[in-house]
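Have a look at the structure below before the remarks.
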Amino acid sequence: MPHLTIEYTPGLFEADDLAPTLAEINGALVDSGSIRQEHDLKSRMIALDAFRIGTTQDARGFIYAQLRVLPGRDDATRAAMTACVAEVLRRRTRRPAGVQLQLSVEIVEMEGPSYVKGPL
Amino acid sequence: MPHLTIEYTPGLFEADDLAPTLAEINGALVDSGSIRQEHDLKSRMIALDAFRIGTTQDARGFIYAQLRVLPGRDDATRAAMTACVAEVLRRRTRRPAGVQLQLSVEIVEMEGPSYVKGPL
Amino acid sequence: MPHLTIEYTPGLFEADDLAPTLAEINGALVDSGSIRQEHDLKSRMIALDAFRIGTTQDARGFIYAQLRVLPGRDDATRAAMTACVAEVLRRRTRRPAGVQLQLSVEIVEMEGPSYVKGPL
C-alpha cells in the first residue's frame, strides 16, 4: 500500500531516466525491509510545468516526493523510508548548470479502517 | 467539499470512458446520502505515464483513488464511501489481458477551521 | 517547506496567466510573514482535463488549492494563509460566461520528524 509520488521541475530527469529511477527507488525501499510485499509499493513520477519557488528571479528547481503509508511503522522506520527515497533521488537527478535545487520528502500516514486495498 | 482524485495507469480507461465513469461515481456517492449538496462533490481522473509497481518485471497496473472530506462523518460512513468508489471503479475499468491490476481507495479527513470553500 | 498545489478546470487560466498568478500568490504569502525563508515556498499549477462536479449537466468549474506546511503555525495563521491564497485566486481567475465557479483552499499539516528538506 505505500504510494509514492515524485514531482520534479524541468531538467531534473529526462524521459529515459524515469524507469531506472523508479526501479532503483522501489528496490531500495523493498530492500530496506519496510514494505510488506513488494507489489504493495506503487510509485509514479510527475513532471511539473507551471511552478514557482519563492519570490526571486533566480534559476531554481525542486523535487518533492510524498510517500503515503498505512499506520503501524514507528518514527525511526518512517524517517529511514524518507531518507532512503532522498538518497536515490540525490544520486539520480540531473543537475542543470546554474540552477539551485531543493529536495523535500514527506511521509503521510493514511487512515487505516476505511482504506480499500486489493486486486482490481 | 469532498474532493475525489482517481489516478490510473495506461490501458485501464480510454478517453471516452472518463466522463461516464466520473458521472457514475458522483451519482453513486450522492445517492449514498453522504454528500450534503451534490455540487460539493468535485472529482477528477488523472492518467499516470511514469510508474512502477514493486520490483519485478511483471505486467501490472493500478488505480489509486483519494477522497478528501471535511470532518464529521463516522467510521462506518467513511468506509461506505470508499467502498462505493471501489465498487464503481471495479465495474468500469478495462482489464488489459495479462496485466495484474490492483485497486486502492483512501479517505483523508481535511482540516476544517482553515478550509476555504465558496463561490469563486 | 510550504508546498502549494493549485488545480483548475479549463478556461480559468490561460497559459500566460500562470507565471504572474504564481508570482503574486508567492509574494502575498511571503509578505504575510508566515513563510520563514522565501525560497521555502514551492508552488505549482496543474490543469485538470477529466473532471466532474456533482451530478447535473450545468456548466461548472472549480479551483482547488492545497497548501502543505510543517507543524508550528497556530489556527489563526493557518486560516490567514488559506485566505491569502483564496484572495489572489479570486482576483486572478478568468470567468467564462455562464460557468458556475467554486473555490476550495485546504491546508495540510505535514509530519515533521520524518520530513526531509534541503539542497538537492
Discussion item. Cα atoms only: what Rg and Dmax, in Å, come out for the stretch B:4-85?
Written reply: 14.7, 45
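Assuming 0.692 mPa s and 37 °C, estimate D for the protein assembly as shown with Stokes-Einstein, Rh taken as the Kirkwood radius over Cα pairs, in µm²/s.
Working: Rh = 21.0 Å.
It diffuses with D of about 157 µm²/s by this estimate.
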Fill in: At 7 Å out from Cα toward Cβ: B:Glu24 inter-copy label distances (nm, ascending)
4.2, 4.2
Practice prompt. Run through the DSSP bridge list for chain C and note the antiparallel percent, rounded to the nearest 5.
Written response: 25
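Report, for the protein assembly as shown, the % of DSSP beta bridges that are antiparallel, rounded to 5. Can you show the working numbers first?
Numbers: 42 of 90 bridges.
If we restrict to bridges inside the protein assembly as shown, about 45 percent are antiparallel.
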Worksheet entry | Fluctuation leader among A:Gly61, A:Gly11, A:Gly98 - chain A, Gaussian network, Cα springs under 10 angstrom | A:Gly98
Worksheet item: Of the residues A:Ala65, A:Ala97, A:Ala23, which exhibits the maximal mean-square fluctuation in a Gaussian network model of chain A defined by a 10 Å Cα contact cut-off?
Response: A:Ala97
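How charged is the neighbourhood of A:Leu48? Take every other residue with its Cβ under 11 Å from the Cβ of A:Leu48, and add Lys/Arg as +1 and Asp/Glu as -1. Don't skip to the answer; put the middle values down first.
Values: positive: A:Arg52, C:Lys42, C:Arg44; negative: A:Glu7, A:Asp49.
Result for the local shell: +1.
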Discussion item. For B:Leu120, what residues show an amide H to amide H distance below 5 Å, using hydrogens built from the backbone and excluding near sequence neighbours?
Written reply: C:Leu101, C:Gln102, C:Leu103
Worksheet item: Taking only Cα atoms, what is the 0 to 90° angle, nearest 10, from helix A:15-31's long axis to the longest principal axis of chain A?
Response: 40
Worksheet, complete the sentence: at C:Leu70 the sorted inter-copy label distances (label 7 Å from Cα on Cβ side), in nanometres, are 3.1, 3.1
Worksheet item: Could you name the lysines in cross-link range of C:Lys42, using Cα to Cα under 18 Å and dropping any fewer than eight places away on the same chain?
Response: C:Lys117
Fill in: Inter-site label distance for B:Ala59 and C:Asp75 at 7 Å from Cα along Cβ, in nm
5.5
Worksheet entry | Residues with amide H under 5 Å from that of C:Met110, placed H, sequence gap 5 or more | C:Val69, C:Leu70
Discussion item. Mean-square fluctuation check for chain B, GNM, Cα pairs under 10 Å: which of B:Thr56, B:Thr77, B:Thr21 is largest?
Written reply: B:Thr56
Worksheet item: How far is A:Glu87 from itself in the other copies, in nm, if each label sits 7 Å out from Cα along the Cα-Cβ line, shortest first?
Response: 4.6, 4.6
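Every number here is computed from the coordinates shown, using simple stated rules; none is lab data. Values in this document were obtained by computation on a predicted structure and should not be read as measured data. In this analysis, Cβ positions are derived from the backbone assuming ideal geometry, glycine residues included, and neighbour counts consider all displayed protein chains.
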